[in-house]
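Asks: This is the structure I want to talk about, given as structure tokens.
None of the figures in this text is laboratory data; all of them are computed from the coordinates on show. Remember, predicted model here, so these are calculated numbers, not experimental data. Reconstructed Cβ throughout: ideal geometry from the backbone, glycine too, with neighbour counts over all protein chains shown.
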Amino acid sequence: MKLRHLVIALTAGATLLACSDNEPNSVGDAPIAIAIHGGAGTITRDNLSREKEAEIREALTLATEAGYAVLESGGEAVDAVQAAIQVLEENPLFNAGRGAVYTYEGRHELDASIMLGDTLEAGAVSGVTNIKSPIEAARAVMERSRHVFLSGEGAESFAREQGLEQVSNTYFNTPHRYEQLQRALTALNQTEDETTLIAHQHWDNAFNMGTVGAVALDADGNLAAGTSTGGMTAKRWGRIGDSPVIGAGTWADNESCAVSATGHGEYFIRYHVAADICSRVKYQQLSVVEAGDQVIHDVLVNAGGTGGVIILDPMGNISMPFNTEGMYRASKTSNEQLTVGIYREE
Ligand code: ASP
């Protein structure tokens, strides 16, 4: 039995004893919550068809409900995060799992990470090409290896040894992402210095839209966060974004908050966005709204970085700031019904 499970079991036992004189069981009253995102970018009512919007809202609903069902039945936050993300990884609408963007060479290289708020255990994979569910692989790294972060062929062979489901790289192919690659290659060919283009915000973030992530709070008061992505369209040379980088794209700490990010990864890495938000909560006693707004609307905007985050604290407070025109997002808590958002003004 892991230490944290032992602590939870002892705490639950103590609670039961304390409640034995017909007092209500406080575990049943503890808040539970989940928030998810499906990417941030140039999403406006004009460039999203009614049908596509309905499909996206439906997918976000299904993923949120899948995660919430885990929490409602007493499951752990990490299980809720994985359940929600796997629904989105399997949906070709999102840039994660099926539907992942293409690299410059016309393949798919996927990144994912996961973190626990009680023990700060974490796991991540990057540049994987044949693992069906990168978030499951990230979790396996956390729970079944001595390491935190595995990449490329090593991560693949670890996943095979662990019996995780393998697919051909073409499993991740979709026509709409292929078409985005062609447009991205055209844009790259029109610039003399492609490294400058990739490093700066002129890159059309519609090319990458759809990274997915989740944060959850379970009835034991534990937070977890996870993120999964295909990265940036036409990425080269083994490029890794923020999504698998603990502290940049994913962070969870019961003493502050849980965060999953989406946006221009180069900026999220350099400004260690997820951990910075939680540090502001932890050391400056800011609310998740204040901390998220400072980092997304001040720090990142001043730097030229675009994107957004979902944030959840141990009381079940949620904030979902973004500095792009839209961010696919949804949440549900024991106090608030399911809400789904896409555009800025909702
Ligand atoms: N953050 C991801 C990356 O840079 C992309 C995204 O979230 O849109 O790889």
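Asks: With viscosity set to 1.002 mPa s and temperature to 20 °C, compute the Stokes-Einstein D of the stretch 57-147, Rh being the Kirkwood radius across alpha carbon pairs; µm²/s, no decimals.
Replies: Taking Rh from Cα pairs, D becomes 155 µm²/s.
Asks: Separate question: Taking the mean number of other Cβ atoms within 10 Å as a proxy for protection, how do you rank 301-310, 212-221, 238-247 from highest to lowest?
Replies: Top to bottom by mean Cβ count within 10 Å: 212-221, 238-247, 301-310.
Asks: Give me the percent of Cα-Cα pairs in the stretch 282-346 that sit more than 16 Å apart, rounded to a whole number.
Replies: 50 percent
Asks: Between Glu143 and Glu72, what is the label-to-label distance in nm when each label sits 7 Å out along the Cα-to-Cβ direction?
Replies: Going from the Glu143 label point to the Glu72 one covers 2.3 nm.
Asks: Let me ask something else about it. Report the net charge of residues surrounding Val245, where surrounding means a beta-carbon distance below 14 angstrom and charges are Lys +1, Arg +1, Asp -1, Glu -1.
Replies: My count for the surroundings of Val245 gives -2.
Asks: Right, here's the next one. State the answer as a single residue: which of Ile342, Ile277, Met142 lies farthest towards the positive end of the charge dipole of the chain, with beta carbon charges of +1 for Lys and Arg and -1 for Asp and Glu, about the Cα centre.
Replies: Met142
Asks: All other residues with a Cβ under 14 Å from the Cβ of Arg160 taken together, and with Lys, Arg as +1 and Asp, Glu as -1, what is their net charge?
Replies: Within the 14 Å Cβ shell, the charges total -3.
Asks: Out of residues 5 or more away from Ser260 or on other chains, whose amide H comes under 5 Å of its own, with H placed 1.01 Å from N in the peptide plane?
Replies: Those qualifying (amide H under 5 Å, at least 5 residues apart or on another chain) are Ile310.
Asks: Measure out, as a whole number of angstrom, how far apart the alpha-carbon centroids of the stretch 230-251 and the stretch 26-102 sit.
Replies: The stretch 230-251 and the stretch 26-102 have Cα centres spaced 20 Å from each other.
Asks: What nm distance separates the two modelled labels at His176 and Asn47, each placed 7 Å from Cα along Cα→Cβ?
Replies: Each label point lies 7 Å from its Cα, and together they span 1.3 nm.
Asks: OK, next. Rounded to a whole number of µm²/s, how large is the Stokes-Einstein D of the chain at 4 °C and 1.567 mPa s, given Rh as the Kirkwood radius over C-alpha pairs?
Replies: Diffusion coefficient, whole number: 65 µm²/s.
Asks: Around Phe322, what is the net charge, scoring Lys/Arg as +1 and Asp/Glu as -1 over all other residues with Cβ under 15 Å from its Cβ?
Replies: Net of charged neighbours comes to -4.
Asks: Specify which residue in the list Tyr178, Ser331, Ala303 is farthest towards the positive end of the charge dipole of the chain, using unit charges on the beta carbon of Lys, Arg (+1) and Asp, Glu (-1), about the Cα centre.
Replies: Selected residue: Tyr178.
Asks: Let me ask something else about it. Give the shape of the stretch 237-338 as rounded, prolate or oblate, defined through the alpha-carbon gyration tensor: a ≥ b ≥ c are the square roots of its eigenvalues, a/c under 1.5 means rounded, and otherwise the shape is prolate if a/b is larger than b/c and oblate if not.
Replies: Prolate, because a/c is 1.5 or more and a/b exceeds b/c.
Asks: Is there a quick way to get the dipole size of the chain? I mean about its Cα centre, with the Cβ of Lys and Arg at +1 and of Asp and Glu at -1; what is the value in debye to the nearest 20?
Replies: That gives a dipole near 680 debye.
Asks: List the relative contact order of the stretch 54-145 as a percent without decimals, with contacts defined as Cα pairs under 8 Å and 6+ residues apart.
Replies: 19 percent
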